[in-house]
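Just below is one structure, and these are the notes that go with it.
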Amino acid sequence: MKNNRLNIAISGLNNVDSPGPGIPVIRGIRESNQFQSRIIGLAYENLEPGPYMHEFVDKTYKVPYPSEGVESLMERIRYIHDREQVDVLIPNFDSEIFVFIKLAERLKEMGVSMFLPTLQQFEERHKSNLPAFGKKYGIKVPDSYPVTSASEIFDLKKEQKVDFPLVIKGKFYDAFIAGNSDQAAIYFNKISAKWGLPVVVQEFVKGTEVNVVALGDGRGNTIGAVPMRKQYITDKGKAWGGITLDDPGMIDYTHKLISSTKWRGGMELELIRTDKNELHLIEINPRLPAWVYLAVAAGQNLPEALVQLAMGETVEPFTEYAIGKMFIRYSFDMICSLDEFQQLSTTGELS
Amino acid sequence: MKIKKSLAISETGFVFDPSTGDSYTLNPTALEIIQHLKEGHSPEQISKTITQKYDVDENTFERYFYDFAGMLKQMQLVAPDEE
């Protein structure tokens with residue numbers, strides 16, 4: 001099995017304080033005992049750390065932002081594929097997933113496999129669609145409203161549909177808790193300037209945030225699931241430390257969700273456990289999260305399994321994981337040569 | 001009063017609750033008491049053991065014991081049917 005070498009293109013190489021999942025996904029793939037890998041990094045910026053981390057990334061190509069359009073991205077991927085014969089592509093940013101779902105068939109024709117949610121799965125789990133999602137699958141979700149202006153938040157308050165504190169969320173990333181109208185307006189402006197519209201206004205649910213990383217095979221089976229609690233959270237709400245939990249309720253919840261949605265691909269569930277021990281779903285991220293290496297260390301190599309599923313292989317579901325396994329993130333000053341920086345900046349490629 | 005079966009308690013007094021991810025550090029006396037509780041000893045049995053072993057009267061021990069027990073409940077370290 002190990003003789004089988006795959007060329008795997010991976011994005012999300014911004015291993016910074018709000019890290020993309022690229023490097024942790026690569027770490028899992030590198031540890032595979034099922035296949036060898038050549039990792040082709042897909043970078044958006046010259047200063048993403050991933051391209052310079054040569055133990056993880058063999059060759060990096062810059063790619064255009066999804067906002068520049070499907071065709072320019074497709075053209076670039078075709079160029080990369082001509083040189084690298086990409087077997088599997090793993091997009092790791094929420095903002096890319098939609099575009100890659102759209103490109104999936106064309107990429108498949110070229111011989112590039114992915115393992116992504118369907119367009120329907122991707123759309124219905126959007127933050128702004130969460131109440132309908134909860135109703136459809138019978139799960140508790142906080143009330144959420146998409147808004148396109150700050151005044152709409154005030155209207156929702158007047159109509160008594162919401163009350164402070166509220167969570168103001170970007171459609172892809174960022175969330176702030178607003179205690180009053182002034183704060184709500186400030187956060188609306190901040191988030192809409194960064195992530196565009198709509199901005200999502202969500203009921204604040206008091207409790208402990210817990211998360212699950214999981215992988216669905218697209219037929220209703222959960223290939224793996226590991227629950228975690230953040231022990232140390234940055235000012236951006238990212239986990240800087242976390243621990244795996246012994247929580248059969250969360251595992252059962254994940255299995256039911258994947259079974260009813262027939263989720264295909266990696267996912268991260270963000271949940272709040274209330275004082276009454278109820279789980280409220282606050283978000284589904286349609287990809288593996290940046291803390292996925294904790295699952296690998298706990299015995300579930302979900303990135304490896306995702307690659308195997310993309311290659312059309314049958315993967316046996318994981319049934320166990322180590323409880324009380326911890327991660328602590330750290331920052332590290334990597335010394336890089338100007339030559340490498342100029343190579344990536346000017347040619348858009350780095351070996 | 002029974003403490004959660006799943007609690008991991010080390011000899012050094014480190015307590016890990018795998019269902020919440022929380023961890024605690026106990027002083028030697030608390031460690032001794034929680035070990036008695038884990039073995040299923042009643043408050044009366046624990047009181048007898050501790051008052052014979054240390055220089056403390058029953059009333060004083062009882063006061064501190066129930067204070068400690070209240071803390072365990074508050075931290076949700078007690079078996080659900082015992083809360």
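Only the coordinates and a few stated rules stand behind these numbers; no lab work does. For clarity, every value in this text was computed on a predicted model and none was experimentally measured. Note that each Cβ is placed from the backbone with ideal geometry, even for glycine, and that neighbours are counted across all protein chains shown.
A few notes on this one:
- Label reach from A:Asn129 (point 7 Å along Cα→C-beta): in segment A:276-302, amide nitrogens under 15 Å belong to A:283-287.
- With neighbours defined as other Cβ atoms within 10 Å of a residue's Cβ, the residues A:Tyr173, A:Tyr330, B:Tyr66 order from fewest to most as A:Tyr330, B:Tyr66, A:Tyr173.
- Normalised contact order of chain A, rounded percent, pairs of Cα under 8 Å and 6 or more residues apart: 18 percent
- At full extension, A:Arg83 and A:Glu105 could sit 5.9 nm farther apart than now, given 0.36 nm per residue minus the alpha carbon distance.
- Environment charge at A:Val25 (Cβ cut-off 12 Å; Lys +1, Arg +1, Asp -1, Glu -1): +1
- Legend: residue pairs A:Lys158/A:Lys206; A:Lys171/A:Lys256; A:Lys140/A:Lys171; B:Lys38/B:Lys73; B:Lys2/B:Lys38, Cα-Cα distance threshold 18 Å; pairs beyond threshold, A:Lys158/A:Lys206; A:Lys171/A:Lys256; A:Lys140/A:Lys171.
- Built amide H within the under 5 Å cut-off of A:Ile233, gap 5+: A:Trp240
- Residue-span extension gain [A:Phe204 to A:Glu75] - 0.36 nm each, minus C-alpha spacing: 42.1 nm
- Förster radius 22 Å - calculated FRET efficiency between A:Asn277 and B:Lys5, Cβ distance, rounded to 0.05: 0.80
- Amide H to amide H, with H built 1.01 Å from N, B:Leu26 comes under 5 Å of B:Phe14, B:Val15, counting only residues 5 or more places away or on other chains.
- Counted without the sites themselves, the longest stretch of chain B free of trypsin sites (Lys or Arg not before Pro) in a DSSP loop having at most 14 other beta carbon atoms within 10 Å is B:6-83.
- Trypsin sites (Lys or Arg not before Pro) within segment A:193-265, DSSP loop, no more than 10 other Cβ atoms inside 10 Å: A:Lys206, A:Arg219
- Span from the segment A:293-351 Cα centroid across to the segment A:144-168 one, whole angstrom: 39 Å
- Surrounding net charge for A:Thr274, when Lys and Arg each add one and Asp and Glu each subtract one, Cβ distance under 10 Å: +2
- Of B:Gly21, B:Gly40, B:Gly13, the one that fluctuates the most in a GNM where chain B has Cα springs shorter than 10 Å: B:Gly21
- Candidates per trypsin sites (Lys or Arg not before Pro) in segment A:1-78, loop by DSSP, up to 14 other Cβ within 10 Å: A:Lys2
- Rounded to 10°, Cα long-axis angle of helix B:28-38 versus longest principal axis of chain B: 70 degrees
- Computed label-point distance, nm, for sites A:Phe154 and B:Tyr66 using a 7 Å Cα→Cβ extension: 5.5 nm
- Take the Cα of A:Arg38, step 7 Å toward its Cβ, do the same at A:Arg219, and the gap between the two points is 3.2 nm.
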